[in-house]
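Notes follow the structure.
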Amino acid sequence: MSRLGMSLPAPSSLNFLAGIFAGAGINLITSVATGPDGGISTAKISLDSLLWVVAAGLLTWAAQVVQHGERDADLHIDPDFSDVEKREIRERYMGEALRRARVPLVLTAVSVVFAVLLLPNFIKWS
């Protein structure tokens, strides 16, 4: 498999990570809502929580793109093809999937960076 195809994580891994991001956002908002008053702006916590959930959604989008690339490659591979032909087809479709997944992956990274920077006590607000 080419470097492009090998650099893509499995869709299940991306979905698992998306679940962790969504859980982080939900846990953040729930902890602040039910915990003691920490003097942190509700708007900032809401924005931080939203960024985690947006990151989860974007990562799920990337997982779908990768999964479609795998499925399309599988649909075009015939059992009679040689190993070289199978590999070439898979590389072509996974390369296309990587190009399509770049946007959601980059947006996920941006969202996670800003979400981490907004975490309470990571950066002093005042």
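The values are calculated or read from the model by the stated rules, or taken from the named source; none is laboratory data. Computed from a prediction, not measured in an experiment: that's the story for all the values here. Glycine gets a Cβ as well: all are built from the backbone with ideal geometry, and neighbour counts include every protein chain shown.
Between Gly5, Gly25, which is at pLDDT 80 or above and either surrounded by 13 or more Cβ atoms within 10 Å (Cβ to Cβ) or at positive phi (or both)?
On inspection, the qualifying residue turns out to be Gly25.
A quick yes/no check of all residues on (1) within 19 Å of Pro9 (Cβ to Cβ); (2) touching a residue at least 24 places away in the same chain (Cβ under 8 Å); (3) touching a strand residue (DSSP E or B) at 6+ places or on another chain (Cβ under 6 Å):
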{"residue": "Pro79", "(1), (2), (3)": "no, no, no"}
{"residue": "Glu85", "(1), (2), (3)": "no, no, no"}
{"residue": "Tyr93", "(1), (2), (3)": "yes, yes, no"}
{"residue": "Phe114", "(1), (2), (3)": "no, yes, no"}
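Considering the stretch 29-65, the residues that are under 21 Å from the mean Cα position of the chain (by Cα) and hydroxyl-bearing (Ser, Thr, Tyr) include one that is modelled with the lowest pLDDT, namely Ser46. Among the residues of the stretch 66-121, those that are buried (at least 16 other Cβ atoms within 10 Å of the Cβ), under 18 Å from the mean Cα position of the chain (by Cα) and closer than 30 Å to Ile29 by Cβ comprise Val66, Gln67, Ala101, Pro104, Leu105, Leu107, Thr108, Ser111, Val112, Ala115. Once the stretch 33-65 is narrowed to residues that are assigned to a helix (DSSP H, G or I) and of a type in the set (S, T, N, Q), the residue that is surrounded by the fewest Cβ atoms within 10 Å (Cβ to Cβ) is Thr34.
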